[in-house]
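These notes concern the structure reproduced below.
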Amino acid sequence: MTDIVSSINTPGIYYALSYNLACWIIIAVSEKKRSWIITSVYQLIYFAIMSLVMYFTAENKVLFIPLTALYMMSVFWSIKFNCGFDNHTCLYVSLNAFLIGEFMASMHWMIYYFAVNSFGYPKALWANILMLVIVHAVQVTIFYKIEKKDKADY
């Protein structure tokens, strides 16, 4: 297996986590229809399935477009299930959540990749997780505040 930091491509697990967090942001600012327990169980299952799919299909370039459509549909159904929006509104907020997820995963990987290759940041798993927690916490806070302010759009 190649060293994860030698790859310029963002690992799929980062996308699975980021899509999940983006769904949580939308669910948190919306008038959700489900209890937090049901939402939490659903989102954990969603994260596990997406992580497995991304792990086992990471090297398959032929399936890139169909899998991206699957990821977008999974964000749509996650928000639809948890918030109960009509299809039009759900499509709008799902595309927004998908873009937030894409940004969060890419930004974290760029920061981590830059820190390792430019400053000698440790490649250890603990260092990666530490940076992941810090970078995602900052991003979730920022996007939550933005979405809460812009909630009137939907």
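Descriptive notes on the structure:
- The Cα-based radius of gyration and maximum Cα-Cα distance (Dmax) for the chain are 16.0, 49 Å.
- Modelled FRET efficiency - R0 30 Å, Ala58 with Arg34, Cβ distances, 0.05 increments: 0.45
- Of the residues Glu31, Glu147, Glu59, the one with the largest accessible area comes first in the ranking Glu59, Glu31, Glu147, computed with a 1.4 Å probe on protein heavy atoms.
- For region 80-154, with +1 on Lys and Arg beta carbons and -1 on Asp and Glu, the positive-most of Phe85, Ala127, Asn96 along the dipole: Ala127
- Which listed pairs, of Lys80/Lys149; Lys61/Lys123; Lys123/Lys149, have C-alpha distances above 30 Å, in listed order: Lys123/Lys149
- Heavy-atom accessible surface of the chain: percent carbon and sulfur, 1.4 Å: 73 percent
- Ordered from highest to lowest accessible area with the whole protein assembly present and a 1.4 Å probe, Val53, Val138 read as Val138, Val53.
- Protein-only accessible surface at a 1.4 angstrom probe places the residues Asp150, Asp86 in the order Asp86, Asp150, largest first.
- Dipole in debye (nearest 20) - region 78-154, about Cα centre, beta carbon charges: Lys, Arg +1; Asp, Glu -1: 200 debye
- Karplus (6.51, -1.76, 1.60) ³J(HN,Hα), θ = phi - 60°, over region 108-124, in Hz, Gly and Pro reported as x: 4, 5, 5, 5, 5, 4, 5, 5, 5, 7, 9, 10, x, 4, x, 8, 5
- Estimated dipole of region 1-108 in Debye, rounded to 20 [Cβ of Lys and Arg +1, of Asp and Glu -1, Cα centre]: 280 debye
- Estimated at the nearest 10 Å², the accessible area of Leu125 is 130 Å² with a 1.4 Å probe.
- Accessible area per residue, Å², region 7-154 with all protein chains present, probe 1.4 Å: 57 Å²
- Leu70 - accessible surface, heavy atoms, 1.4 Å probe, Å² rounded to 10: 70 Å²
- The Cα trace of region 69-123 gives Rg and Dmax of 15.9, 49 Å, the first to one decimal, the second as a whole number.
The values are calculated or read from the model by the stated rules, or taken from the named source; none is laboratory data. Computed from a predicted structure; not experimentally measured. No Cβ is skipped: glycine too gets one built from the backbone with ideal geometry, and neighbour counts run over all protein chains shown. Side chains are part of the model used for accessible areas, which takes the heavy atoms of the whole protein and leaves out ligands, DNA and RNA. Shrake-Rupley method; radii C 1.70, N 1.55, O 1.52, S 1.80 Å.
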